[in-house]
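Chemist: My questions all concern the structure below.
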Amino acid sequence: MNDTNDTNDVRATTATIRGLGADPAGTPRRTTGSAFRRVTVTAAVACALAGSIAGLGALGALAAPGSSPAAQAAAEPTTATVPKITYTAADLAAFAASPYADDALNLAVVWGVDQTTAMGKAGAALTAGTALPFAAGAAATAAYTDEQREAAFFAAGTDTTFQDDFTQALGLAVAWGNDDVATAKAKVGGLLLAHEQVPAAPTSYTDDQDARAFTLVGYGDAEAAQLAGLWQSDTRSAVVRAGAALLAGDDLPL
């Protein structure tokens, strides 16, 4: 097993990524009102995973804007210099049958890889008798950085689009009184890493919360004035209307 780079971008050819959340019997389900989903693993995997990424040393210096085609080509990795790593169906099956089967997201953020890669890597390590970053059953209580918690938000995977993810995070940021959406994402990621349920965003908001959402997205006086002119309303009404649209997952005419 060649495991030389923890940041390998491995593309799964077969592996099942299922939804976040599970009932007490372990059956995957959609968390009510939530766009977030928890990973489950199936042991019936048909073939191996494969993928690769070049190390920084092999990449060389980035070509500067306007540099020659030859210089740009020299800065790109070639297949001859790209180390490869392969995980087999047996690796995935070993992970699925292990006490770590619910910890794919936790391992993914610790190793800085996607969940499918984490499954294969962990299965291979377990087969080889190599210790994982935390003991079985300890993933939920392990210490994670804010960066890892936010990474968990993005690595979790959903059955909807990123816009739904952002809408969920925006709604929670407003409900929780966060100063920015990133803080809400990190909190959601922390809940997922702790194997806890992510609460649904509210279904209704006050005018002040709608206005808050407009600000959290990064809009200011210029955009408020533009929308007020477009909608032929006062600025406050435009901000509230725009925030409500954002919380509903709608786009603004900006």
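Chemist: Express in nm, to one decimal, how much length is gained between residue 207 and residue 135 on full extension, taking 0.36 nm for each residue of separation and deducting their alpha carbon distance.
Modeler: Numbers: separation 72, 0.36 × 72 = 25.92 nm, distance 4.74 nm.
Length gained, residue 207 through residue 135: 21.2 nm.
Chemist: How large is the direction-averaged shadow of the alpha-carbon convex hull of region 195-249, in nm²? If you can, show how the numbers build up before the last one.
Modeler: Details: hull surface 17.5 nm².
Seen from a random direction, the Cα hull of region 195-249 projects 4.4 nm² on average.
Chemist: Could I get the Rg over Rh figure for region 103-244? Both from C-alpha atoms, Rh via Kirkwood, rounded to two places.
Modeler: Values: Rg = 19.5 Å, Rh = 17.0 Å.
On the Cα set of region 103-244, Rg over Rh gives 1.14.
Chemist: Given H placed on each backbone N at 1.01 Å, which residues far from residue 85 in sequence or on other chains put an amide H within less than 5 Å of it?
Modeler: 51
Chemist: Something else: Kirkwood hydrodynamic radius (Cα pairs, Å) of region 167-218? Please report the intermediate quantities before stating the final value.
Modeler: Details: mean 1/r = 0.0898 Å⁻¹.
Taking the inverse mean of 1/r over all distinct Cα pairs, region 167-218 comes out at 11.1 Å.
Chemist: For the ranges 200-209, 112-121, 171-180, what's the packing order if you count other beta-carbon atoms within 10 Å of each residue, average per peptide, and put the highest first?
Modeler: Values: 200-209: 14.2, 112-121: 25.0, 171-180: 17.8.
The peptides rank, most packed first, as 112-121, 171-180, 200-209.
Where a number appears in this text, it was derived from the coordinates with a stated rule and is not lab data. From a predicted model like this one, the values you see are computed outputs, not experimental measurements. Note: ideal-geometry Cβ built from the backbone for every residue, glycine included; neighbour counts use all protein chains shown.
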